[in-house]
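The structure appears right after this line, and notes come after that.
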Amino acid sequence: HVPPSENAAAKSENLLIRIIGPIMGGMMIFYAFYTGTSTAQSILREEEERTMQRLFTTPTSQATILSGKFLSVFMTVSVQVTVLLVVAKYLFGINWGEILSVTISAIGIVICASSFGIFVNSLLKDTKQGGAIFGGVLTVTGMVGMINTFMGNYDTTGFNVSLLVPQGWAVRGLIQAMNVEPINNTLITLSVLLIWSAVFFIAGVWRFNKRYA
């Protein structure tokens, strides 16, 4: 028999975790997009240091060099998201949901955050413009994407303001996993994130190729 006081404490703790989980997930997504953008900025930094131009004089093709740079962005964001999910689960007891749904959600977050970072940096002339972008575009889009999380509204049906930005779709996918919604719902959200990602990646690669042509 569990004493009423212990039972109440357990319920209170579970409620706290259910509240903290989505907020922690939203912040993880917020910083994943920051990481994607800051990591991709290394391309501009190497251009300013003229190491990029020297790489282009080697027998290695320009496409291969840029692909390697882009891959490093994906790998960095992948490690960050994976570590944060695992640490939050085992250190704070956050239940992210079924492993398949969480994996699908994480894939969407990583691909979209990385592609977004590549696209944003393709618009910059140099790293000096990065401060304005980091403090402006990323902060605004990140906050818009987390509106529902801040309001405690975890309903993933219908359209809302947060879905005007890719971060909002990333948050939706994670919430769907946490709510143990049907896998089809998570796959639909992943599909939208992949569309966002394809647009960002294609536009970013095109602009970088044009830049270094």
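The values are calculated or read from the model by the stated rules, or taken from the named source; none is laboratory data. Note that the coordinates shown come from a computational prediction; the quantities given were computed from them, not determined experimentally. Glycine also receives a Cβ, built like all others from the backbone with ideal geometry; neighbour counts cover every protein chain displayed. The accessibility values were calculated without ligands, DNA or RNA, using every heavy atom of the protein model including side chains. Shrake-Rupley method; radii C 1.70, N 1.55, O 1.52, S 1.80 Å.
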query = At what distance in nm do the modelled label points of ALA63 and MET143 sit from each other, each positioned 7 Å from its Cα along Cα→Cβ?
reply = 4.3
note = Given 178-191, 94-107, the highest-first ranking by average Cβ count within 10 Å works out to 94-107, 178-191
Backbone N within segment 44-59 under 15 Å of label point (7 Å from ARG207 Cα along the Cβ vector) = 44-45
C-alpha center-to-center spacing [segment 49-78, segment 106-151] in angstrom = 21
message = Quick check: the angle from helix 99-122's long axis to the longest principal axis of the chain, C-alpha only, nearest 10 degrees?
response = 30
ask   = Among SER114, SER72, what's the order by accessible area (1.4 angstrom probe), most exposed first?
value = SER72, SER114
request  = Mind grabbing the base-10 log of I(q)/I(0) for the chain at q = 0.14, 0.17 Å⁻¹? Debye formula, identical points on the C-alpha positions, no solvent, two decimal places.
outcome  = -0.83, -1.11
message = Could you report segment 117-213's accessible area per residue, 1.4 Å probe, as an integer in Å²?
response = 49
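Compute the Kirkwood hydrodynamic radius of segment 90-213, taking the inverse of the mean of 1/r over all pairs of distinct Cα atoms, and give it in Å to one decimal.
Kirkwood hydrodynamic radius for segment 90-213: 15.5 Å.
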message = Rounding to the nearest 10 and keeping the result within 0 to 90°, find how far the Cα-based axis of helix 62-92 lies from the longest principal axis of the chain.
response = 20
query = Relative to the first principal axis of the alpha-carbon coordinates of the chain, what is the inclination of helix 183-211, with its axis defined by its Cα atoms, in degrees from 0 to 90 and to the nearest 10?
reply = 20
